[in-house]
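Have a look at the structure below before the remarks.
The values are calculated or read from the model by the stated rules, or taken from the named source; none is laboratory data. All figures in this text were calculated on a predicted structure; none of them were measured in a lab. A quick note on method: Cβ atoms are made from the backbone with ideal geometry, for glycine too, and the neighbour counts reach across all protein chains shown. All accessible areas refer to the heavy atoms of the entire protein, side chains included, with ligands and DNA or RNA removed. Shrake-Rupley method; radii C 1.70, N 1.55, O 1.52, S 1.80 Å.
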Amino acid sequence: SYTTDTKSREENKKTLESLYSLSVDITKIRRLKEWVLLQDVAYVKEIAGILQEMGADEPTVANIIERCPEAILHTPAEINSQRALWQLVCQNEKQLIKLIEQFPESFFTTGYHQNQKENILFFQELGLKNNIITRFLTSAPNIFYNPVEKNKNVIETLQRNYLNLGGSEANMKIWVLKLLSQNPFILLNTSTAIQENLEFLQKNDFTDQEVLQLLSKLKGFIFQLNSTTMHKSMLFSKNIFKCGDQELKQLVLKCPALLYYAVPVLEERLEGLLKEGISIAQIRETPMVLELTTQIVQYRIKKLSALGYDIKSGNLESLNGTKKDFEVTYGKIQSKKERPIFNPVAPLHIED
């Protein structure tokens, strides 16, 4: 525990000298986390030495410390333990130092060492590839702070539900690993929350097969919701599209965003589409358009309009999909427009 009372304390001169010698921009640290400079003990040279041992040059070391100043408050023993831990999933030290430079805060959070170690080994046993585990360590580090038993519990709940919903034993492992790699934050939920959300879908007449389909489509985001928000979102869609339960169910299966997004988000996106002259009937035909933000929709409509494509009279399929999908659609419309009409039986006028 470090003190953050900055008024009565002075900056540690020894820390400042060590940082100057490494060409660290101290004004950045003062702006970001000045309290680090006030601590009585810091391990500037030792931490820099460990990073250099791993292959970091001086500018890299300076950059790491500027971005995560509290790195210098960890003991060399803590950092060496963390280094050994991350080496379990990194190909080599070159890759490791690159990760530390990109995600210093993930690496220098050492308070959960034992949990991190047990979770890494558990994920390896589960069959997750090391490159996926390194992605988790950097982009979702808090899943490693859970005790391993908690993560095991969530995985077992997923496996049990997958089998109960009619999934096959043979595909279960692939399904769980895919779900995890798409959305590791599933592990931050409780087994109870997962169970409740699945029961909510079943109570709303989704068949087991449809629930499985939704889980795969939603990439596990359904587990971060709760039955109240899902109920409100479904009710909102039902009123907007003026449809019965069965039709609503089909719309949700087509576009799980109707379940996932809260009412204010759906309202804002719907409003944006209506302002562009798009009708409710068109949206009901292609509800996936609600997965896009209003800004993306406006940008795409503008691009298509420049080609003379009238979105109001066509269907909305051309707006859909990822950025890459849209670029392919746009390219097709553009080449169709630019292609000269060639009449194979017209006489050719050739000058002598």
Here the qualifying pairs (Cβ atoms under 6 Å; residues six or more apart or on different chains; first in the stretch 212-233 and within 21 Å of Met288 (Cβ to Cβ) and among the basic types (Lys, Arg); second open to solvent by less than 70 Å² (accessible area, probe 1.4 Å) and assigned to a loop (DSSP other than H, G, I, E, B)) come out as Lys217/Pro256; Lys219/Asn183
Only one of (1) within 30 Å of Glu17 (Cα to Cα); (2) at pLDDT 95 or above; (3) open to solvent by 50 Å² or more (accessible area, probe 1.4 Å) does not apply to Pro76, and that is (3)
Those residues of the stretch 217-228 that are exposed (fewer than 15 other Cβ atoms within 10 Å of the Cβ) and either small (Gly, Ala, Ser) or assigned to a helix (DSSP H, G or I) (or both) come to a total of 1
Contact list, first residue from the stretch 263-280 and under 12 Å from Ile311 (Cα atoms), second anywhere and outside any helix (DSSP H, G or I) and open to solvent by 40 Å² or more (accessible area, probe 1.4 Å), beta-carbon distance below 8 Å, six or more apart or interchain, is Glu276/Lys312; Gly277/Lys312; Ile278/Lys312; Ser279/Lys312
Residues of the stretch 148-170 being among the polar types (S, T, N, Q) and either modelled with pLDDT of 95 or more or open to solvent by less than 60 Å² (accessible area, probe 1.4 Å) (or both), in sequence order, are Asn151, Thr157, Gln159, Asn161, Ser168
Reported set for the stretch 184-211 where residues are surrounded by 15 or more Cβ atoms within 10 Å (Cβ to Cβ), free of Cβ contacts under 8 Å to residues at least 40 places away in the same chain and assigned to a loop (DSSP other than H, G, I, E, B) is Asn189
Only one of Lys275, Lys323 is open to solvent by 100 Å² or more (accessible area, probe 1.4 Å), under 32 Å from the mean Cα position of the chain (by Cα), farther than 27 Å from Lys217 by Cβ and modelled with pLDDT of 85 or more, namely Lys275
Within the stretch 84-103, the count of residues that are surrounded by fewer than 20 Cβ atoms within 10 Å (Cβ to Cβ) and part of a helix (DSSP H, G or I) comes to 10
Picked from the stretch 305-320 (must be surrounded by 12 or more Cβ atoms within 10 Å (Cβ to Cβ) and of a type in the set (A, V, I, L, M, F, W, C)), the residue nearest to Gly277 (Cα to Cα) is Ile311
(request) For the stretch 144-155, state whether one or more residues are in a helix (DSSP H, G or I), within 17 Å of the chain's Cα centre (by Cα) and not small (Gly, Ala, Ser). (result) yes
Within the stretch 56-95, residues more than 19 Å from Leu137 (Cβ to Cβ), in contact with a Phe, Trp or Tyr (Cβ under 7 Å, 6 or more places away or on another chain) and among the aliphatic types (A, V, I, L, M) come out as Ile72, Leu73
